[in-house]
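The values are calculated or read from the model by the stated rules, or taken from the named source; none is laboratory data. All values derive from a computational prediction rather than experimental measurement. In this analysis, Cβ positions are derived from the backbone assuming ideal geometry, glycine residues included, and neighbour counts consider all displayed protein chains.
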């Protein structure tokens, strides 16, 4: 029963929560989400994008509430309904400062044991689960069983499949909120879709022994609108050139702080070991605290990079290539379908060739994980015939999915440019040609020749 | 072996082309089952049979990179307005070049051998392989306890699968011929 406790939200109007939910929202561990920007430093591109994981979690919680209300009818589902709302409310607790931008660093420095049996999970998801299970404040408001069920819903090990899909899936409450919210706060109009219609046309479909999320044929075009919103937001906002650069600069800065500056507390913050001690400390950190602590690390490489970010002296993209730029198939496969092991030698050779600081050259592949579950397999329910799949029904899906999976390869470096367009273009061409040559060399190493070996030996 | 390499090897071993994305999914599924290794493809069971998001995404990636060519053929519009369209995948010249470098690897030989076992077992079309995959899914759930065709059909009904007895018999025969089930 909702107690008419309202929160005014710019996206959904009023968000209602009951007194128990309010207690959870008021915990320190949830309030911490106010200190994590939803889009990291995207506000350097879109000044309005200062919204936080707190607003987003409330919005996703609101959407999840609407979905479970529309999809679960029987009384037996009542407790599950409440838990689904709470699972969505708490799903982002495990994000650290600078969220997704710093996630690869967290993954790299964390103990491999925390992934045991969960190799496909993202590290922040594992930390969310740990916080839900172990946080003392949450323990006061949620029983052991409730917390275990919430974690089970997040991990997909408890409850009906469709409930897990509301929490985490191609059309989950998370995406349904963040597309609208990120669109609103960045000021772009690309992420808009008819959320109310989508909710009202989603159905529960019996798939063998499982109950899965499906869409009525009446909602086909709304789901297409959702797919297009995701596509536009991905290409225009999430992959905005400057946003990619700031994210990569954050990741590189933290790496330098850990690996070169040897800052102990920074390493500890990004080294999840599965212990309660780690999460106790972790939940005291937000974006501003990390930024502030780093800016006090005088003479460090991490501070140097954060100074650049703070003063908006950003790196430039000196190489942006796609598959068409590598006509030779083995180089194309090497760059776009191979391992990322060549990044380090590439960065070092580019730094040497063009005189950059070797810490300040960043290679990055812009891509979409092939294993990501998309909307393609959402069953479309017809009135008189068997279900079909969205992939087969939608005229738009395939094109949008194909475009979203296009890959680019970027290289960022601290280039100072002047206003002379001609000179700038010439310089960029020079970078491009030089870097492509290095990539081709790394992709197709020449066997050592006898003469070269002999020369080396005599030196 | 990466999913990209697996798919290139599978398509090459299939004669350089696979007609239809359903056939591609099901053939990839049976090859991974025969080899007892999933190559990172992570198949999920669904009412329409096993499906791998990785196969779907990697196919698009290979197409975007110019290693696969996709063509589609329309087969008309059904009475409910549903358009039947088949997407075929073939190695491009660049794709063939890449496979050329994989042919010497032990993984290529294993994938190729498994693919040829499937082809030798009657080269089932996508519908037959789908039914075989569903039958295999049910038999596997029973953990080798054995089922008659009638029991299998009854079990399939629980999944809203209406499979004609003749198709089930053919599916079981196919599974038996590649040693994934026994006809006894």
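Some points to look at:
- Filter result (more than 11 Å from every other protein chain (Cβ to nearest Cβ) and under 10 Å from the mean Cα position of the chain (by Cα)) within segment B:34-78: B:50
- Within segment A:327-346, if we keep just the residues that are away from chain B (no Cβ under 14 Å) and touching a residue at least 60 places away in the same chain (Cβ under 8 Å), the residue that is surrounded by the most Cβ atoms within 10 Å (Cβ to Cβ) turns out to be A:346.
- Only residues that are in contact with a strand residue (DSSP E or B) (Cβ under 7 Å, 6 or more places away or on another chain) and free of Cβ contacts under 8 Å to residues at least 40 places away in the same chain were counted across segment A:171-218, and they come to 1.
- In this structure, residue A:436 qualifies as in a helix (DSSP H, G or I), at pLDDT 95 or above and more than 26 Å from the chain's Cα centre (by Cα).
- Test: residue A:40 is under 21 Å from the mean Cα position of the chain (by Cα), buried (at least 17 other Cβ atoms within 10 Å of the Cβ), touching a residue at least 40 places away in the same chain (Cβ under 8 Å) and not in a helix (DSSP H, G or I): yes
- Entry remark, segment A:292-321: residues being part of a loop (DSSP other than H, G, I, E, B) and surrounded by 15 or more Cβ atoms within 10 Å (Cβ to Cβ) number 4 in total.
- Only one entry of A:168, A:143 meets the criterion of being surrounded by fewer than 20 Cβ atoms within 10 Å (Cβ to Cβ) and touching a residue at least 60 places away in the same chain (Cβ under 8 Å), and that entry is A:168.
- Residue match in segment B:80-103 (condition: in a loop (DSSP other than H, G, I, E, B), surrounded by 20 or more Cβ atoms within 10 Å (Cβ to Cβ), within 14 Å of chain A (Cβ to nearest Cβ) and modelled with pLDDT of 85 or more): no
- Test result for residue B:30, under 17 Å from residue B:110 (Cα atoms), within 13 Å of chain A (Cβ to nearest Cβ) and either buried (at least 24 other Cβ atoms within 10 Å of the Cβ) or modelled with pLDDT of 95 or more (or both): no
- Taken across segment A:60-82, residues that are in contact with a strand residue (DSSP E or B) (Cβ under 6 Å, 6 or more places away or on another chain), part of a helix (DSSP H, G or I) and surrounded by 20 or more Cβ atoms within 10 Å (Cβ to Cβ) do occur, with at least one present.
- Of the criteria (1) under 25 Å from residue A:39 (Cβ atoms); (2) surrounded by fewer than 24 Cβ atoms within 10 Å (Cβ to Cβ); (3) at pLDDT below 95, which one residue A:113 fails: (1)
- The selection criterion, being loosely packed, with under 15 Cβ neighbours inside 10 Å, closer than 20 Å to residue A:431 by Cβ and within 11 Å of chain B (Cβ to nearest Cβ), holds for residue A:324.
- Considering residues of segment A:365-383 that are farther than 26 Å from residue A:121 by Cα and either under 20 Å from the mean Cα position of the chain (by Cα) or more than 7 Å from chain B (Cβ to nearest Cβ) (or both) only, the residue modelled with the lowest pLDDT: A:383
- Residue in segment B:131-149 that is at pLDDT below 85, part of a loop (DSSP other than H, G, I, E, B) and facing chain A (nearest Cβ under 9 Å) present: no
- Per this entry, residue A:265 is counted among residues that are at negative phi, surrounded by fewer than 17 Cβ atoms within 10 Å (Cβ to Cβ) and modelled with pLDDT of 95 or more.
- Residue A:57 vs. criteria surrounded by fewer than 21 Cβ atoms within 10 Å (Cβ to Cβ) and in a helix (DSSP H, G or I): no
- Among the conditions (1) over 22 Å from residue A:369 (Cβ atoms); (2) modelled with pLDDT of 95 or more; (3) touching a strand residue (DSSP E or B) at 6+ places or on another chain (Cβ under 7 Å), residue B:63 misses just one, which is (1).
- Going through (1) more than 8 Å from chain A (Cβ to nearest Cβ); (2) buried (at least 18 other Cβ atoms within 10 Å of the Cβ); (3) within 12 Å of the chain's Cα centre (by Cα) one by one, residue B:19 falls short only on (2).
- Of all residues in segment B:1-60 being touching a helix residue (DSSP H, G or I) at 6+ places or on another chain (Cβ under 7 Å), part of a helix (DSSP H, G or I) and free of Cβ contacts under 8 Å to residues at least 40 places away in the same chain, the one that is farthest from residue A:405 (Cα to Cα): B:28
- Residue B:14, sole failed condition from (1) surrounded by 16 or more Cβ atoms within 10 Å (Cβ to Cβ); (2) at the interface with chain A (Cβ under 8 Å from one of its Cβ atoms); (3) over 27 Å from residue A:324 (Cα atoms): (2)
- Matching residues, segment A:211-249, being closer than 16 Å to residue A:315 by Cα and outside any helix (DSSP H, G or I): A:239, A:240
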